[in-house]
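Structure, as structure tokens:
The values are calculated or read from the model by the stated rules, or taken from the named source; none is laboratory data. What you see is a predicted model; the values in this text were computed from it and never measured. Positions of Cβ are generated from backbone atoms using ideal geometry, with glycine treated the same way; all protein chains shown enter the neighbour counts.
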Amino acid sequence: MQRRALLQWLAASPALTLPLALRAAVDPGLTKPTDALDVFDFEKAASLIVPPAHWGYLQSGVDGNVTRDANHSAYAKWKLIPRRFVDVSKIDMATTVLGTAMSSPIMTSPIGGLRALHVEADIGVARATRAKKQNQIVSTQMSDGLEDIIEARGAPVWFQLYTTNRIEATRTMVQRAQRAGCAVVCVTVDLPAGRNTVTASRLRRSDTRVCGNCHVTDANGNPRQNISIKPMFTGLDTNGLGLTSPSLSWDFIKRLKDMTTMKVVIKGIEAREDAELAVENGADGILVSNHGGRALESGRGTIESLPDVVQGAAGRIPVMVDGGIRRGTDAFKALALGASA
């Protein structure tokens, strides 16, 4: 990160305008990461540091945030029944999914535009996953170059793919990911059209920054990310290029497998019937996801969808899950219900 970019990011932070007393009131003991007792301590601090529009983007589901909230609350519906007299003095959580070895069945899901939230962006995540020997999935809308992320990580990453509305643009990105050494491509299928992110729109109104360098305005007058400045779109004609396609069908999976030797994971499957079709159409894995509750309102939490998808896959391909996982017990519940990671 260049010094100028760092200063611009800091200048945009609302934390600089808050009284010291107010900043300290959030958590007077949180002066370094090791002071945090759980991830929620970081959430409090981030709400003061991250600019309002960016915080809204991070926090927003669609409409009334029902699906977003269900992702977390659904975990409370599942209770644990512990067994006793089991030797837990030596625990090995290492696993391998689709040829990727991990120290535990925990990986990072893709987030676009990470630099809006932290100056180290994707490379910072790469360094963290390298230190913990975890797997990393990077977004099509990554802030850093794919090759730079892999170099920082010292190992391949999985590449999350938006289908786009132009197959040649899709092919170019897929081939670049394969050349960079990615072993798996995770194609997102849960956002074929637009969405109504009310929370993001509301917080955007309180953000006084000029954001024309990073955003463009859509047909409805709402700002959206300018994909032309994203590293994965370098060299592509982005005029009229969309991230998703409303005409997406199962035929896309066949076309994707024809253009790459990477393993293909379908991200966004929530129904048993679609899990069965995923296997029939040649998917190598499934990632149960609802886009963090950011695609469809009135949806189930992903942990509620997981058993159906596991049943549909019937052990033929690995099933993973994201969304709502906050603690180790959440991860344990997902594994107990059949998730591989």
Quick check on my filter: what residues within the range 91-109 are aliphatic (A, V, I, L, M) and at pLDDT 95 or above? 93, 94, 97, 98, 101, 102, 106, 107
Determine whether residue 136 is in contact with a Lys or Arg (Cβ under 7 Å, 6 or more places away or on another chain) and either assigned to a loop (DSSP other than H, G, I, E, B) or on the phi > 0 side of the Ramachandran plot (or both). no
Scan the range 304-315 and give yes if some residue there is surrounded by fewer than 18 Cβ atoms within 10 Å (Cβ to Cβ) and hydroxyl-bearing (Ser, Thr, Tyr), otherwise no. no
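Within the range 244-328, which helices (runs of 4 or more DSSP H) (wholly inside it) include 3 or more residues that are more than 20 Å from the chain's Cα centre (by Cα) and over 28 Å from residue 227 (Cβ atoms)?
It comes to 272-280, 302-313.
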Condition met for residue 257 (crowded, with 17+ Cβ neighbours inside 10 Å and free of Cβ contacts under 8 Å to residues at least 40 places away in the same chain): yes
Kindly check whether there is at least one residue in the range 75-85 that is surrounded by 14 or more Cβ atoms within 10 Å (Cβ to Cβ) and within 20 Å of the chain's Cα centre (by Cα). yes
From 276, 280, 297, which residue is more than 16 Å from residue 163 (Cβ to Cβ), surrounded by fewer than 20 Cβ atoms within 10 Å (Cβ to Cβ), modelled with pLDDT under 95 and not aliphatic (A, V, I, L, M)? 297
If we keep just the residues of the range 195-223 that are at pLDDT 75 or above and out of contact with any helix residue (DSSP H, G or I) (no Cβ under 9 Å at 6 or more places or on another chain), which is farthest from residue 253 (Cα to Cα)? 198
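To keep it simple, each residue is scored yes or no on (1) β-branched (Val, Ile, Thr); (2) closer than 25 Å to residue 268 by Cα; (3) at pLDDT below 80; (4) in a helix (DSSP H, G or I).
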residue: 44; (1), (2), (3), (4): no, no, no, yes
residue: 47; (1), (2), (3), (4): no, no, no, yes
residue: 62; (1), (2), (3), (4): yes, yes, no, no
residue: 72; (1), (2), (3), (4): no, yes, no, yes
Subset of the range 224-271 [at pLDDT 95 or above and basic (Lys, Arg)]: 254, 255, 257, 263, 267
Reported set for the range 101-133 where residues are buried (at least 18 other Cβ atoms within 10 Å of the Cβ) and assigned to a strand (DSSP E or B) is 102, 107, 108
Would you say residue 327 is of a type in the set (Lys, Arg) and more than 19 Å from residue 163 (Cβ to Cβ)? yes
